[in-house]
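Beneath this line is the structure, given in structure tokens, with notes to follow.
The values are calculated or read from the model by the stated rules, or taken from the named source; none is laboratory data. Since this is a predicted model, take the numbers as computed values, not measurements. Heads up, the Cβs are rebuilt from the backbone with ideal geometry, glycines too, and the neighbour counts pull from every protein chain shown.
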Amino acid sequence: MNTSKVAQVTLYFWIMKICATTLGETAGDLLSMTINIGYAMSSAILIGIFLVTLTAQLLSKKFHSFLYWAVILATSTAGTTMSDYMGRTLELGYAKSSLTLLCCLGTVLAIWHYSEKTLSVDNIHTTKGELFYWIAILFSNTLGTAVGDFLADSSGLGFLGGAALIGGLLAMTVLAAFFTRINRILLFWIAFVLTRPFGATFGDLLTKPTQKGGLGFGTIGSSLVLAVLLIGVILYTNKRDRQASPL
């Protein structure tokens, strides 16, 4: 029985992670651009939502799937607007923002490892370890947005090219997990970081108009589809886990 308060890493975990991070991209853009309240105000609102959901997660006594994925989604949406605020409002650009966020993430992981002697996500049973876990997730999702925007807008690859590159790197990570002895914790964090720019570029592909290389579904339609898909997978895994649990 898993007594950890974070989700077990399975195939469904990665499906939900990609759905949540892609939804974070489209929902963040919906708030900051479609509703047009700006990057700074959007970031403030979404960081507030993240802090509320994180507090509830830290205070909970056991794993709750909807609460867990609500925090993941909050980090994704907040990460989207935070990255846009750094890159556009502060005019750092996507490359400088990515490097800054990469240093922040590396610092958090280093402090976490020094403090807890591990970066494992399978056995998190302390509040301090869980707090490091969520801070690392917030920075990784913000970093992923910046990297995804860099690939889609500044690198010349476009939305499809950026998604294809990140997808290829993810496939290589999966192959490394099955066919090499590379540390599994390292591979997890590589995959976790990579799924965010994949979600960012895929989100842009869904929402941007066809004239700009997207599919033209818009932020509202894309967000609704992704939300329904994420909720559906959560409900399915909850039902499967209940059936697998001993009476």
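Quick notes
- Entry remark, the range 78-107: residues being within 16 Å of the chain's Cα centre (by Cα), closer than 11 Å to Leu143 by Cβ and either among the aliphatic types (A, V, I, L, M) or modelled with pLDDT under 85 (or both) number 6 in total.
- Test: residue in the range 27-44 that is of a type in the set (Ser, Thr, Tyr) and within 22 Å of Trp189 (Cα to Cα): no
- Residues that are small (Gly, Ala, Ser) and out of contact with any Phe, Trp or Tyr (no Cβ under 9 Å at 6 or more places or on another chain) within the range 156-202 comprise Gly156, Gly158, Gly161, Ala164, Gly168, Ala171, Ala176, Gly199, Ala200, listed in sequence order.
- Leu169 being more than 27 Å from Val108 (Cα to Cα) and surrounded by 13 or more Cβ atoms within 10 Å (Cβ to Cβ): no
- Yes/no for Thr21 being loosely packed, with under 15 Cβ neighbours inside 10 Å, at pLDDT 80 or above and under 21 Å from Phe198 (Cα atoms): no
- Checked against the criterion of being more than 17 Å from Gly79 (Cβ to Cβ), surrounded by 22 or more Cβ atoms within 10 Å (Cβ to Cβ), modelled with pLDDT under 80 and not small (Gly, Ala, Ser), the candidates Phe159, Phe202 yield just one match: Phe159.
- Sole exception among (1) within 21 Å of Tyr12 (Cβ to Cβ); (2) exposed (fewer than 14 other Cβ atoms within 10 Å of the Cβ); (3) at pLDDT 80 or above; (4) not polar (S, T, N, Q) for Pro246, by number: (3)
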